[in-house]
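Undergrad: Right, I'll just put the structure down here and ask away after.
The values are calculated or read from the model by the stated rules, or taken from the named source; none is laboratory data. Just so we're clear, the structure is a prediction, and the values are computed from it rather than from any experiment. Cβ coordinates were reconstructed from backbone atoms using ideal geometry, including for glycine residues, and neighbour counts include every protein chain displayed.
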Amino acid sequence: MERQRVRVNRRPPAEDLAADERLFILDEQRSALERLEPSERDRYLGFAWNAADFPGGPTGPNEDRADRMFAALTRLRPERRANQGATAAVRASEFDTAMQSRLRRALIAVPGEQGMRLHRDASASFVRMRTAASADGVTLTINNAYRAPAVAQANAARADNRLAVAAFSSHTLGLAIDLNMSHGGLRFAETSTRPFGNLVSMYASPVYKWMFLRGESHGWFPYRREPWHWEYNPPGLRERLRATSSEPAGAAPTVILSMKIMMEPAWVSAAEPAHASAAAAARMYLIDAEKFFILRKGTPERCRSNSPPPPRRPRSPR
């Protein structure tokens, strides 16, 4: 009996898919809206948007269409909000004094991003993500990161659009970044919802397209209405933020200080904020509040204390 030939549609190799994605990401003429089904894509790509079409502000004639576009993109790349919803890391009702203190202690400067601070887990993830994006030819830079609660509330009070500025934001948790969308030959009015055409054109930015396709693998998720806004909220983060240990495994090294210790000048310098990189190089655990520190990798080092050192024992003659 003659065997029937079965035609198999083989999927292209993963490296070919990655190469195709990279070409798509770097092509400044192509928009992430192209990832939508044609029937949806054609409603938004090339549409003549009114400057006021961003929902929630001065009324624009196409706000409903804008909301449908946001929803369509969200179906492709779902949100995972850090400050609201079932998977939130911290909800507004949980943002009490103790949680604020815990999060504030976890803030660190983001290496290579002047003046920007994030939760230490988010910072470490961003640095890894930035390196991965660079390997694909995309430069990630932060426009905005941590925002103090008082600043967030003041900004929201001044805003004329409650959907564009939140009083309780993931920025306040140190878990959100606003990325610069300008890249290569593309230039945008950064982090701006008006004119609305400026926002829609950001979907062609290599920065947005790279984050849209690769951000989730690094724990970063979009906010549907703002192409520049991304939130760090990988599975398990909620539990890690509430762990009894103030320093989870893999966290950036910290320095534990005691008011009882008169430390050596070198250690004092390492503990100052201006020398954060030096502090990160030497995690110290306090093992005796009066006399000793122990290095993360090394032997105990004697520090001066307020009390005089014990008298030396005379050496016995040989």
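Undergrad: Which of the residues that make up the range 30-79 are in a loop (DSSP other than H, G, I, E, B), closer than 25 Å to G185 by Cα and among the aliphatic types (A, V, I, L, M)?
TA: Within the range 30-79, L36, L45, A48, A51 qualify.
Undergrad: Scanning for something under 24 Å from the mean Cα position of the chain (by Cα) and closer than 17 Å to P149 by Cβ, does the range 58-74 turn up at least one residue?
TA: no
Undergrad: Here's another thing I want to ask about it. Please list, ordered by first then second residue, the pairs with beta carbon atoms under 8 Å, 6 or more apart or interchain, first in the range 36-64 and within 10 Å of F196 (Cβ to Cβ), second in a helix (DSSP H, G or I) and among the acidic types (D, E).
TA: Within 8 Å, the pairs are D53/E63; F54/E63; P55/E63; P55/D67.
Results for (1) surrounded by fewer than 21 Cβ atoms within 10 Å (Cβ to Cβ); (2) modelled with pLDDT under 95; (3) in a helix (DSSP H, G or I), shown as yes or no for each residue.
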| position | (1), (2), (3) |
| --- | --- |
| M99 | yes, no, yes |
| R104 | yes, no, yes |
| A122 | no, no, yes |
| G137 | yes, no, no |
| A150 | yes, yes, yes |
| N161 | yes, yes, no |
| T172 | no, no, no |
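Undergrad: Shifting gears a bit: Within the range 186-224, which residues are of a type in the set (S, T, Y) and more than 15 Å from T74 (Cα to Cα)?
TA: T191, S192, T193, S201, S205, S217
Undergrad: Among the numbered criteria (1) under 24 Å from the mean Cα position of the chain (by Cα); (2) at pLDDT below 95; (3) among the acidic types (D, E), which one does E94 miss?
TA: (2)
Undergrad: Sticking with this one: Hey, among R102, R30, R80, R75, which residue is of a type in the set (K, R) and farther than 28 Å from H183 by Cβ?
TA: R102
Undergrad: Quick one: which helices (runs of 4 or more DSSP H) sit completely within the range 179-291 and have at least 2 residues that are crowded, with 16+ Cβ neighbours inside 10 Å and either under 18 Å from the mean Cα position of the chain (by Cα) or at pLDDT 95 or above (or both)?
TA: 196-201, 206-214, 237-241
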